[in-house]
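Written below as structure tokens is the structure these notes are about.
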Amino acid sequence: MRRPGRDDAPDRLYTLTGGRSRSAPDSPFDLVTLVVAESEPAPGMQSEHKAILRMAEAPTAVVEIAAELGLPVSITRILLSDLHDAGRVSARHPRTSALPDPDLLEQVLVGLRSL
């Protein structure tokens, strides 16, 4: 059974990342970060970069991009960092919805009980 990214030749992954094994410590990308393309693919770009820009036309999570490319998340984060540094993608963190005001919930509950 093949697992995406696990059976890739190490030299291919080395080539994709230019020999880097980690993204920068200040990288804005975690598994759920939404990536949005800020430009179109340009001629001469690495094929993985082009694929990322096409996928990220709509906000797409890092983990989804890695799965679609069949690459480990660590390698995908390095590729995304390259695009981010070039201004070709932006990183957005999903919004955490704030809990409603407890007083408002109490008022709704009282209103429902009075029905």
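The table below gives the values:
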| item | result |
| --- | --- |
| The stretch 47-88: C-alpha gyration tensor shape, a/c 1.5 cut-off, then a/b vs b/c | oblate |
| Proximal charge balance of Val89 [Cβ under 13 Å; K/R count +1, D/E count -1] | -1 |
| Inter-label distance for Glu68 and Ser114, nm, one decimal - labels placed 7 Å from Cα along Cα-to-Cβ | 5.0 nm |
| Net lengthening on full extension, Glu40/Asp103 (0.36 nm per residue, minus Cα-Cα) | 17.9 nm |
| Cα-projected label distance for Lys50 with Arg92, points at 7 Å along beta-carbon direction, nm | 2.7 nm |
| Additional length obtainable on full extension of the chain from Asp85 to Ser27, 0.36 nm per residue less Cα span | 19.9 nm |
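Each reported figure results from applying straightforward, stated rules to the coordinates on display, with no laboratory input. Bear in mind that the values here come from a model prediction, so they are computed numbers and not experimental data. Don't worry about glycine lacking a Cβ; one is built from the backbone with ideal geometry, like all the others, and counts go over all protein chains shown.
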